[in-house]
Amino acid sequence: MKLCKLVKKSKEQSYIAFTAKQNKLQDKKFASVTPSMRIVFAPHCMRDSAVCTAIEKDSYYICLECGSCKIAQISKLAKKLNYMALYIVKGGRTIAKIIQEQKPQAVVGIACFFEGDLAVKMLKEKNLAVQFVPLTKDGCSTTDTDLKQVERVLTLGC
Ligand code: SF4
């Protein structure tokens, strides 16, 4: 295996280890927060951009649940559980801005390991209970995640 591939793999392993440890450390705190004080962040790359009907704001989208990607099911479940909101974000800065404005007590972040690692560190400094769910298919568009894992995290403490 070439050196750059080895470095990439080792970085991935460290993201995986860090985020798994943080999830475990914060799951009880997360479960104690009422869903109405929890926000879900999903990455814009999960949308099916060819048909997506989501409402676009400056730096995020609001899903209209057209059903063309898994965000529709996540959005429906978040609403059913009375979550504060679900934002489809274009980048990490948006997360910080929304948190400052909405002041949630807990956050579910769906992202690639690289973004997840950054976000977990940033949110830890803000003393928020965070649960991270990794993407199962990475990339710039039509990425994917494990719905069962999202459901397990969203319903923690419910
Ligand atoms: S389910 Fe939501 S995010 Fe996904 S393509 Fe439809 S409107 Fe866009």
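The values are calculated or read from the model by the stated rules, or taken from the named source; none is laboratory data. Computed from a predicted structure; not experimentally measured. Cβ placement follows ideal geometry from the backbone for every residue including glycine, while neighbour counts extend to all protein chains displayed.
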* For region 75-84, does any single residue satisfy the condition of being away from the ligand (no atom under 16 Å from the Cβ) and more than 21 Å from residue 35 (Cα to Cα)? -> no
* For residues that are aromatic (Phe, Trp, Tyr) and under 27 Å from residue 36 (Cβ atoms), tally how many sit in region 114-152. => 1
* Give the residue that is nearest to residue 57 (Cα to Cα), with candidates limited to residues of region 94-142 that are outside any strand (DSSP E or B) and among the basic types (Lys, Arg). => 97
* Asked: Is it the case that region 24-45 has a residue that's among the aromatic types (Phe, Trp, Tyr), touching a residue at least 24 places away in the same chain (Cβ under 8 Å) and more than 16 Å from the ligand (Cβ to nearest atom)?
  -> yes
* Under 8 Å by Cβ, and 6 or more places apart or on different chains, what pairs join a residue from region 48-68 that is more than 9 Å from the ligand (Cβ to nearest atom) with one that is aromatic (Phe, Trp, Tyr)? -> 60/87
* Given the conditions (1) modelled with pLDDT under 90; (2) crowded, with 21+ Cβ neighbours inside 10 Å, which single one is not true for residue 133? -> (1)
